[in-house]
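Below: one structure, written as structure tokens.
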Amino acid sequence: MKPRQKWIFTAIVLTLLTAAALLLEQRGTPVHAVPVLRSNLLQSVVATGRLNAPARIELAAEVTATVVSVQVREGDHVKAGQLLVRLSDAEASAALQQANAALAEARSRSTQQATVLAPVALQTVMQADAAWRNADNEFRRSEALVAQGFFSQQKLDEARRSRDSAASALRSARVQSEANQPRGVESSLAADRVAQALAAVQMAEARLARLAITSPVDGVVLARNVEPGSMAQPGRMLLSMAAGSIRVDAAIDEKHLHMLVLGMPAKAAADAYPSQPFAAQLSYIGPAVDPQRGTVEVRLAVPQPPVFLKPDMTVSVELMGKNHPDALVLPAAAVREADTAAPWILMLQDRRAVRVPVQLGLRGIGTVEIASGLKAGDLAIPQTEKALPGDSVRQAAAADPVKGMEVPSFVTR
């Protein structure tokens, strides 16, 4: 063979080999495979709620009276015992003064009974006893003299009457003295009069106190429905208050119930102040699921509420769940039978679609953590691609941009 012919033959062979290689390379079904990437994976639950207070209190007057002054306005923070509304109290103050005067009189009479009447009664007993002894001695002498004939019977009768009168006076003095002793009737009556007067004072003080309406707890004034000069009536609301530390009430979809744990940290932001988030903590999980909405009630405590928070504000809440800082992640569409006990993916390996079992970790909308079975960089064929295990496949050129995609932290809503 001539050299020129030999060169041409060699070129033809090389061309055929190149064409065959290109043909082999293009064999197989083209698929858009997605890579397994490493990413910081934070699982959280997002919900919308409202700011609320543990208790709402409506304050009203217990008596009918004219409003003299109102010390607070809507939005004011008040302390327990702080004066809020003062009602006209001239009549109640006079009644209290009268009750105090009666109490002072009762106490003075009690003191007089203990320090004057009781000793005087005791001295009266001693005098009556002495008089009775004298009358008894006189009777005995008269009786002896009458027997001897020195006195007439009339003299003896007079001595007997004097002795009986002295005995009666002695008995009366003893009864009076016993009544004035510490455990006697007069002493008890004096103590009862003091107790009654004291009760009258307390009642007058209570009536006067009802005319000064104070805050029963620490809280915030929500509404003011009274002005000075108006007439307060029993049962008519004057002020409305929110009591206790503010909290967030929200409803979470029941499918996220397994993620909720008491004490779970959260971030919240009022819709009116979206750039000023504040910390919260899950403090309550409802015992039942709302059958109509498919949600469960949760409450979040706010340890340090910002000053701009107000009851009934709309708040966005993000409950922070598990965090895997270096997780292997795939789009959820690349995982087959994800809800079964044996999930798997179709992996592009050596131009073949290979079935590979995997274990899953955290899950979110559109994103799944691969706990084991794959490594970073492996290519998974999504379920949307027409490929079966064992098929000859190749990576489609349009899938190249997928290799550079970033998989951010996901949020479960």
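Just so you know, all these numbers are worked out from the coordinates, no wet-lab data involved. Just so you know, these numbers come straight off a predicted model, no measurement behind them. In this analysis, Cβ positions are derived from the backbone assuming ideal geometry, glycine residues included, and neighbour counts consider all displayed protein chains.
Net charge within 12 Å of Ala204 by Cβ-Cβ distance, Lys/Arg positive one each and Asp/Glu negative one each, not counting Ala204 itself?
Taking every Cβ under 12 Å from that of Ala204, the sum is -1.
So, in Å, what gap is there between the alpha-carbon centers of the stretch 175-233 and the stretch 283-336?
For the stretch 175-233 versus the stretch 283-336, the Cα centre distance is 52 Å.
Compute, for the stretch 91-209, the length of the dipole vector about the Cα centre, with Cβ point charges of +1 (Lys, Arg) and -1 (Asp, Glu) only. Units Debye, rounded to 20. Can you show the working numbers first?
On the way: 14 positive and 13 negative charges, 56 e Å.
Here the size comes out at about 260 debye.
Over 27 Å between Cα atoms, which of Lys255/Lys310; Lys79/Lys310; Lys267/Lys310; Lys255/Lys322 qualify? Don't skip to the end; give the middle numbers.
Values: Lys255/Lys310 30 Å; Lys79/Lys310 17 Å; Lys267/Lys310 17 Å; Lys255/Lys322 16 Å.
Cα-Cα > 27 Å for Lys255/Lys310; rest within.
Per residue of the chain, what 222 nm ellipticity follows from adding -39500 (n - 2.57) for every DSSP H run with n ≥ 4, rounded to the nearest 500?
Values: 6 runs with 134 residues, N = 413.
Helices in the chain give a 222 nm mean residue ellipticity of -11500 deg cm²/dmol.
Return the label of the correct value of volume of the Cα convex hull per residue in Å³, as calculated from the structure shown, out of (i) 281; (ii) 141; (iii) 154.
Checking each listed value against the structure points to (i).
To test your reading of the geometry: what angle, between 0 and 90 degrees and rounded to tens, separates the Cα axis of helix 153-180 from the longest principal axis of the chain?
Roughly 10 degrees, rounded to the nearest 10.
Report the residue, chosen from Val116, Val45, Val34, that carries the largest GNM mean-square fluctuation when the chain is represented by alpha-carbon nodes joined by springs under 10 Å.
Per the Cα network of the chain with a 10 Å cutoff, Val116 tops the list.
Based on Cβ point charges of +1 for Lys and Arg and -1 for Asp and Glu, what charge dipole magnitude is obtained for the chain about its Cα centre, in debye rounded to the nearest 20? Before the final figure, lay out each step's value.
On the way: 44 positive and 39 negative charges, 282 e Å.
Here the chain has a charge dipole of around 1360 debye.
Describe numerically, in nm with one decimal, the distance between label points set 7 Å from Cα along Cα→Cβ at Arg109 and at Ser88.
3.4
Give the angle, between 0 and 90 degrees and rounded to the nearest 10, that separates the Cα long axis of helix 185-209 from the longest principal axis of the Cα atoms of the chain.
Approximately 40 degrees, to the nearest 10.
Whole-Hz Karplus ³J(HN,Hα) for the stretch 72-89, in order, using 6.51 cos²θ - 1.76 cosθ + 1.60 and θ = phi - 60°, x for Gly and Pro?
For the stretch 72-89, the Karplus curve yields 10, 10, 4, x, 6, 8, 10, 9, 4, x, 6, 5, 10, 9, 10, 9, 4, 10 Hz.
Along its principal axes, what span do the Cα atoms of the stretch 181-302 show, with the longest given first and each in whole Å?
Largest to smallest, the principal-axis extents are 80, 44, 31 Å.
Could you list the GluC sites (Glu not before Pro) in the stretch 44-133 that lie in coil according to DSSP, counting only those with at most 13 other Cβ atoms within 10 Å of their Cβ? Spell out each step's value before the answer.
Details: sites: Glu58, Glu62, Glu74, Glu91, Glu105; in loops: Glu62, Glu74.
For GluC sites (Glu not before Pro) across the stretch 44-133 that sit outside H, G, I, E and B with at most 13 neighbouring Cβ atoms in 10 Å, the list reads Glu74.
For the stretch 53-63, what does the Karplus curve 6.51 cos²θ - 1.76 cosθ + 1.60, with θ = phi - 60°, yield as ³J(HN,Hα) per residue in whole Hz, taken in order and with x for Gly and Pro?
10, x, 8, 10, 10, 10, 9, 9, 7, 9, 9
Using label points projected 7 Å from each Cα along Cα→Cβ, tell me how many nm separate Asp218 and Glu205, to one decimal.
Spacing of the two 7 Å Cα→Cβ label points: 2.7 nm.
Specify the angular offset, from 0 to 90 degrees and rounded to the nearest 10, of the alpha carbon long axis of helix 3-25 from the longest principal axis of the alpha carbons in the chain.
Rounded to the nearest ten degrees, it is 30.
Show the residues, 5+ positions off or on another chain, whose built amide H is closer than 5 Å to the amide H of Ile345.
It is Arg336, Val356, Val358, by chain and number.
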